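Heads up: the structure comes next, in C-alpha cells.
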Amino acid sequence: MTRLRAINWKKCLIPFVIGGLIGAIALATGVTVYVQDHSLVSTLSTSSTSSTSTTSVTTTSTTTTTTTPQVCMNGNVAITFDDLTSGIPTGYNNINWTNASPTTATTNTSGYYTATVSGNKSIFNPGGTPMTMTSANGSLFTLYSIAIAAAWYDNLQLTVVGYSSTVVIANNTYTLQVFTVSYLTFRGYSGLDTVKFSTSGGTKNANVGGSGTQFGMDNICLSFT
C-alpha cells in the first residue's frame, strides 16, 4: 500500500513540474519578445528623429535672403549726377546731353527737390524745352527707368520718345506732379540712339514760387548693347 501511494504521488508531481517548466519557458519567451519589440520601437524613434534633424538642416542651408537693394532693376548702377560740379560734360556716361543741366535742391520748395532721390543733385530742362539724350559713341542703348517730378506744374504731361536713326521705336506720355516723385519704368525702349523728353500742359502748384514746364530727373537706368 505504501509503495502504491509513492507511485501515485510521483504521478501527481510530474505534471505539476512539467507545467511549471512550460510556464517558465513562456514567460522567458514573452520577455524576449518584449525586449526585441521595445528595441525596435526605440530604433524607429531614433531613425525618425535623425530624419527630422537632417531635413531641418537641409532646409536652413538652402534658404537665402537678399538684403542689398539694387539701384537699377537690371543690376546696373544708375546715373545719379552726384559727381557733377557745374555743367554736364560732352560724353558724360557715354551720353551727349542737350538742354540738360544739373541742379542742387536743398529745400522742399519745388519739384527739383522731389526728384532728387539720391545724393544732392538731379538734372532739369532749362526753359522747359525738350531734353535729349544721344549715344556718344554710336552704340545703341536700352532705357529702363528714371525718377522724375514736375518742377512747378501739377499734372504736367511728359512725352518720352525713343529713336533709332530717326525712326520712332517707342512713344509714351506720362503725368507728373510737383511733390510726388514718379518712378517710370519703360518697356520697349531698346535699340535706341536717342531719347527725347518733352513737356506740356499742367497747372501751377500754389505752394511753389516758379512757373514753367520744367522737370527734375534723377537715377537714370540704362545699358549699352
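Of all the criteria given as (1) buried (at least 22 other Cβ atoms within 10 Å of the Cβ); (2) not in a strand (DSSP E or B), the one not satisfied by residue 133 is (2). Residue pairs whose Cβ atoms lie under 9 Å apart, separated by 6 or more positions or on different chains, with the first residue in segment 107-132 and in contact (Cβ under 8 Å) with a residue 12 or more places away in the chain and the second crowded, with 23+ Cβ neighbours inside 10 Å and assigned to a helix (DSSP H, G or I), are 108/114; 122/112; 122/115; 123/115; 124/111; 124/112; 124/115.
Hey, can you tell me all the residues within segment 181-214 that are under 21 Å from residue 118 (Cα atoms) and touching a helix residue (DSSP H, G or I) at 6+ places or on another chain (Cβ under 7 Å)? Across segment 181-214, the qualifying residues are 181, 214. Looking at 109, 114, just one residue is under 13 Å from residue 182 (Cα atoms) and either modelled with pLDDT under 95 or not in a strand (DSSP E or B) (or both), and that residue is 114.
Cβ-Cβ contacts under 8 Å between residues 6 or more apart (or on different chains), taken from a first residue in segment 152-166 that is loosely packed, with under 14 Cβ neighbours inside 10 Å to a second residue that is at pLDDT 95 or above, are listed as 155/175; 155/176; 155/177; 155/201; 155/202; 155/203; 165/193. Among the residues examined, residue 107 qualifies as under 33 Å from the mean Cα position of the chain (by Cα), surrounded by fewer than 16 Cβ atoms within 10 Å (Cβ to Cβ) and either over 14 Å from residue 198 (Cα atoms) or of a type in the set (S, T, N, Q) (or both).
Residue count for segment 199-225, restricted to those that are part of a loop (DSSP other than H, G, I, E, B) and surrounded by fewer than 17 Cβ atoms within 10 Å (Cβ to Cβ): 7. The set of residues in segment 110-122 that are closer than 22 Å to residue 74 by Cα and either small (Gly, Ala, Ser) or buried (at least 21 other Cβ atoms within 10 Å of the Cβ) (or both) comprises 115, 116, 118, 119, 122.
Suppose we keep only residues that are of a type in the set (Lys, Arg) and out of contact with any Phe, Trp or Tyr (no Cβ under 6 Å at 6 or more places or on another chain) within segment 168-225. Which one would you say is modelled with the highest pLDDT? Applying the filter and picking the extreme gives 196.
When the residues of segment 75-100 are narrowed to those that are among the β-branched types (Val, Ile, Thr) and in contact with a strand residue (DSSP E or B) (Cβ under 8 Å, 6 or more places away or on another chain), which ends up farthest from residue 215 (Cα to Cα)? My answer is 90.
The values are calculated or read from the model by the stated rules, or taken from the named source; none is laboratory data. This is a predicted model, so every value here is computed, not measured. Quick reminder, even Gly has a Cβ in these numbers, built from the backbone with ideal geometry, and neighbours come from all protein chains shown.
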